[in-house]
Each structure stands twice: as structure tokens, then as C-alpha cells.
Amino acid sequence: MLKVAVAGASGYMGAELLRLLLVHPRAQVVSVTSERLAGEPLADVYPHLRGLTRLTFDALDPEGLARAAECVFLALPHMESQKVVPVLRRRGLRVIDLSADYRLRDASLYATWYKAPHIDGDGLAEAVYGLPELHRKAIVSASVVANPGCYPVGAVLAIAPLLKSGFSSGEGIVIDGKSGVTGAGAQGRKVDPMYLYTEANENLQAYGVATHRHTPEIEQELSGLAGHPVTVGFTPHLMPLNRGLFTTASVPLVRTAGTKELLDRYREFYAGEPFVRVLPEGTLPATRAVVGSNFCDVAVVADARTRRAVCLSAIDNLGKGGAANGVQNLNLMYGWDERTGLDAPPVYP
């Protein structure tokens, strides 16, 4: 059994990681950390995990994690993982980071989008962007895997086949993303009013307009697919859902194509991918079809009138958009079937 630890396990992402890891047949959770909940029994904080663990939350101690575990998941606030990863790397541990700290290859972008300089250039240079559908081979041998953000997963998987096949140049892409409230994290005692029940329920609102931190991440991965810089318009929205993320992307086409031809390219691009389901013509994604899973459902519709493709995807923001994708990366890193521990179907209703 591989000994794994989860640092920052008191948030929604940490809780979802533990739900998956505590029943993973090849992993043993040996340590969980939370500054806010240090000393509290894990099962008292998360009653849904009763009977699965006797672990207690500890304060974060990188050296202690290095002594206890072989692989560490970091679900820490942004700009905190880079303080921990150097210690773990020196001790020979492998890391799967669920924050944004190692996602952007250009270190200067952190000062622009996260308002702080990156302090671990060596770790950033070694980190692999953890989207298996694009970087599977590199993930297998990586020492640091940067798990993607939820919006980039939905957007990139919805658009990727068009760029790779040359149907789109990458110019003029407009992306609309809608996420459930867990996308903001548990937030502890400092809750943004927009995430309160009375504000989020029966409401739909945009936020981070033209400034959302996932924008450079989306552009980085789409640029890699296109082979040249790609700039997108991206607007996120908050939906009154616990879990789920829906993406609609409007993508200009460089030549006329029908829906069937585009779908053929999607099926070819995602052939053999265990967690991407390309839906048949006439069927569109829905968040309730993927909740509690690592699946991404994708569809594409050709709009001949505007010579655009409408690309759609649905994921669970805590699943394929976070914790479950992290477990998929774990499986790849240790040579296991990447479906291990992730083969349960989505929750319905």
C-alpha cells in the first residue's frame, strides 16, 4: 500500500480527496492536516467518513509529512504550496498539488494574476500540468503534478479537438463557465456573501469578469494545442448548485463543417480515454449526469450560420475538476490502471 497524506484537508476539495482515497485499494492515508482543525478527529469534522478512519487533523509540518508518507496531496490555499513543495522534493516525495501554485509555466504570470511572486522556480520548472488527456506520458514520471483548475478542465476538454485537428485557429474563442458554490472552497470563517444560501439560491451571477485567475491557465493549454499563442474571452458564473460545472464555448471555424464531421474528430481525439464521454449527436451534457464522478461529458454542435462551433462540457468541479482528477494522476504516477478507485458511476439524482 502506498502511504499518502493530504495537507489542507479541511476544505471541500480535501474532503472529496479523502472520500476517494480512504477506499482506494492501493493507497493508505497516513496523515491529514488543517491549521484550523488541528487536534480534531477527522470523522467528527466529516461525519460521512465515520467508520473509515481514526485519523486526527494535525498542524502542517512538511518534515513530518515527509517522514510519514511517500506521496502528498496538497489542497492548500493558493501561494502556500510553493512553501511546502521544496521540502517534500528534497526528501524524495512525489507531490500532487491541487492549488494553482505550479500550473503556470511562466513564473511572471503569478505576479500578474495572483499578486505575489513565485518563490520555487526549480519546482515550477519540473512540474507537469496534470490533465491526463493532454499530458499523460509526462505525468507518469513527474515528481510534481499540478492538478488543473476546474474551469480549465471543462473549457480545455470542450475545445481541444478543434484546435488539434485544425478546425479552429484559436482566434475569437469566447468561453462561458458556470460552477456550483463548492468551487469557492469551504472558506472557513471568512465567507464571501455571494456564497451565502440567501444570495446564491434562486440566483445566477457572473464574477471575476475579465480578471479570473483561471484565464491564463486556459490560454496556456489551448496555446499548446494550437501551436501558437491563444487569447480567450472567459466569464465565470456562480450557479445555485452544490457541485457541478458547465462550460459553453463559442469557437470560430476556419472552414465549413457539419456537426457529424466535428463529432467524428472528437471521438477520434478522445478514443480510449476512460473518463471523457463524447455524446451522440442530438444529446447535450448535463451536470447531474456527472456529479460524484471523474467523467467529463462533451458535445459539439456546428452553427453553419455563424461558422462557429458550440462546444459544451459538464464535469463535477470537485471530481474531474479537482479531487478525482488528482486520484487519476496518482494512478498514472504509480503505474496503476488509471480507473482504480474511480470506477463508481455518477450519483443520481
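Figures for the structure shown
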{"quantity": "Exclusive hit being closer than 21 Å to P349 by Cα, surrounded by fewer than 16 Cβ atoms within 10 Å (Cβ to Cβ) and not basic (K, R), set A314, A324, A286, A304", "calculated": "A286"}
{"quantity": "Filter result (crowded, with 17+ Cβ neighbours inside 10 Å and either modelled with pLDDT under 95 or part of a loop (DSSP other than H, G, I, E, B) (or both)) within segment 46-77", "calculated": "Y46, L55, F57, L60, A69, E70, A75, L76"}
{"quantity": "Conditions (1) surrounded by 14 or more Cβ atoms within 10 Å (Cβ to Cβ); (2) not in a helix (DSSP H, G or I): number failed by Y110", "calculated": "(2)"}
{"quantity": "Residue within segment 137-146 that is in a loop (DSSP other than H, G, I, E, B), assigned by TED's automatic domain parsing to the domain that holds L37, modelled with pLDDT of 95 or more and crowded, with 17+ Cβ neighbours inside 10 Å present", "calculated": "yes"}
{"quantity": "In segment 275-320, the residues that are of a type in the set (D, E, K, R) and in contact with a Lys or Arg (Cβ under 7 Å, 6 or more places away or on another chain)", "calculated": "E281, D297, D316"}
{"quantity": "Neighbours by Cβ (under 6 Å, 6+ apart or cross-chain): first from segment 54-69, farther than 21 Å from L22 by Cβ and touching a residue at least 12 places away in the same chain (Cβ under 8 Å); second assigned to a helix (DSSP H, G or I) and hydrophobic (A, V, I, L, M, F, W, C)", "calculated": "P62/V84; P62/V87; A66/L88"}
{"quantity": "Residue check, A286 within 25 Å of V181 (Cα to Cα) and touching a strand residue (DSSP E or B) at 6+ places or on another chain (Cβ under 7 Å)", "calculated": "yes"}
{"quantity": "Flag for H212 being within 30 Å of R36 (Cβ to Cβ) and part of a strand (DSSP E or B)", "calculated": "no"}
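The values are calculated or read from the model by the stated rules, or taken from the named source; none is laboratory data. Since the structure is predicted, the reported quantities are computational estimates derived from the model, not experimental observations. Neighbour counts are summed over all protein chains in view; Cβ atoms, including those assigned to glycine, are modelled from backbone coordinates with ideal geometry.
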